[in-house]
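Structure, as structure tokens:
Throughout, read-outs are computed from the coordinates displayed, never taken from laboratory work. Source: prediction; values computed, not measured. Note: ideal-geometry Cβ built from the backbone for every residue, glycine included; neighbour counts use all protein chains shown.
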Amino acid sequence: MLYFSDYKEHSDCKINPSLLWEYETDGFDYDAMRNIVVQRVLERGWKEDYYAMFNLYGYRAVRQTIKDIPYMNDKDMNFACRVFNLKKEDLKCYKNKQSKPQLWNS
């Protein structure tokens, strides 16, 4: 975890509520909605959001959650694999993408 190894020094960081725009963040259950939170931080988060995510869930839980996310675009998938030392084949979103037939590009 080279990029965010100092996350414990940033315990004051909070996840930006605009990442969860369609949810009411007062009383939001971050544990029950872990997949959504991790996916939104991967897709649109800033460095402070990553620090908050790691402080909230821990590195191992974030890494496991990434494996269970059903959809990620190619850019976010490659970033997640690189930062978290994962193989694409380990990701549920990659398996889902491979199982769907691709249409021809015209």
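Considering the stretch 24-39, and only residues there that are charged (D, E, K, R) and without any contact (Cβ under 8 Å) to a residue 24 or more places away in the chain, the residue that is farthest from Asp68 (Cα to Cα) turns out to be Asp26. Beta carbons closer than 6 Å, at least 6 apart along the sequence or on distinct chains, never pair a first residue in the stretch 60-74 that is at positive phi with a second that is among the charged types (D, E, K, R).
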